[in-house]
1. Quick check: is even one residue across the range 99-120 at pLDDT below 85, in a helix (DSSP H, G or I) and among the hydroxyl-bearing types (S, T, Y)?
2. Could you tell me whether the range 88-96 includes any residue that is surrounded by fewer than 17 Cβ atoms within 10 Å (Cβ to Cβ) and β-branched (V, I, T)?
3. Pull out all pairs, ordered by first then second residue, where Cβ-Cβ is under 7 Å, the residues are six or more apart or on different chains, the first lies in the range 195-218 and is within 17 Å of G155 (Cβ to Cβ), and the second is part of a helix (DSSP H, G or I).
4. Would you pick out the residues in the range 151-195 that are more than 17 Å from P209 (Cβ to Cβ), over 14 Å from the mean Cα position of the chain (by Cα) and among the hydrophobic types (A, V, I, L, M, F, W, C)?
5. If we only count helices (runs of 4 or more DSSP H) wholly inside the range 191-280, which ones have 2 or more residues that are of a type in the set (F, W, Y)?
6. Only one of these conditions is not met by D159: (1) part of a strand (DSSP E or B); (2) open to solvent by less than 60 Å² (accessible area, probe 1.4 Å); (3) not basic (K, R). Which number is it?
Amino acid sequence: MKMSNPTTNRRLPSLNALRVFEAAARHLSFKKAAQELNVSQSAISHQIKAMEKSLGINLFIRRPRAVELTAHGQFYYPMIRDAFDSIAEATEMMVKETSKSIFTLQVYSTFTIRWLLPRLEQFQSLNPDIQIRLHTSQTNTDFHQSSVDAGILIGQSGDPTLHYEHLFDVEMFPVCSPDYLEKHGAIREPADLLGHPLLQVYPSADDWPNWMAAKGLTHINSGARIQLQMESYNDALISAAKGFGIALGQQPYMTEDLDSGKLIELFPGQRVRNPNHWYLTCRREKAQTRKFELFRNWLSEQVNMDPDLRISEDAG
């Protein structure tokens, strides 16, 4: 009996059609997909229409200024994306003898500047065949749309499609400059914050309310108390050091400012635990790649060696 070759029965769209679909689904935009693939927007539209006709299934909902994935498109996209990622990973592994393996990491700018960069040279020296490519952002990675390998983020672990490596937890505490205290007078207890300008990091808008609530200060927890809103903790801490107001500090990026005296912790012993946690995160299928494992192991060692990342038991 002659066995049929299963590969001859595969129903596959063309590779080019799949590339067009993956790009359009990732961007949710025919225009951006066209820019990425260096073709016209009409070419993208025609390719998608031809693919939908061939499959007998609509993959996109066309809106006047946007596109959305249909239920079929939402089912199809993650598998096509993962297939392209696997091809890219296999290609990268095959040519690693002659080129560096790139590890793309999305990370917050403050964490990058104040904690990661001073340590990163060691990872590069230990792993010369891996090149770190940093993407800095104040928002967390959308792993369903992004092609980054991993992200360092603060939040909660809740997406079953992602792999989470817990890194550390942090405490929050108000800080200001010595000049600010000299100009405005002593701030002896949390209730004394009433009347002082607070510097808020707006992507982390819950941090001040969480600290205040832990100190029973809900009566001054209002938007009117926020003097300036900053994009990053680095901006807020620099502004506090210049005497613009009071910022919240938290590990892992306070050591230098506190040791140098640029900033003063207002209420030692009254730190509040941040309810969110720091993670190294990636899509589940990438957690077993060599470059992720090497970076994860190195990062865990660096975290364990940092005494500032050990939370005291009496933190609120």
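The values are calculated or read from the model by the stated rules, or taken from the named source; none is laboratory data. What you see is a predicted model, and the numbers here were worked out from it, not measured in a lab. All Cβ positions, glycine included, derive from the backbone under ideal geometry; neighbour counts span all protein chains shown. Note: accessible area is taken over every heavy atom of the protein model, side chains too, but ligands, DNA and RNA are not part of it. Shrake-Rupley method; radii C 1.70, N 1.55, O 1.52, S 1.80 Å.
1. no
2. yes
3. V201/D207; V201/Y233; V201/A236
4. F168, V175, C176, L181, A186, I187
5. Per the criteria, 207-214.
6. (1)
Here's the yes/no breakdown for (1) part of a strand (DSSP E or B); (2) within 26 Å of K32 (Cβ to Cβ):
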position	(1), (2)
Q122	no, no
S125	no, no
L134	yes, yes
F143	no, yes
S147	no, yes
H166	yes, no
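Let's see how each residue does on (1) free of Cβ contacts under 8 Å to residues at least 12 places away in the same chain; (2) closer than 28 Å to E256 by Cβ; (3) open to solvent by less than 30 Å² (accessible area, probe 1.4 Å):
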site	(1), (2), (3)
T70	no, no, yes
Y76	no, no, no
D82	no, no, no
T110	no, yes, yes
R119	no, yes, no
L126	no, yes, no
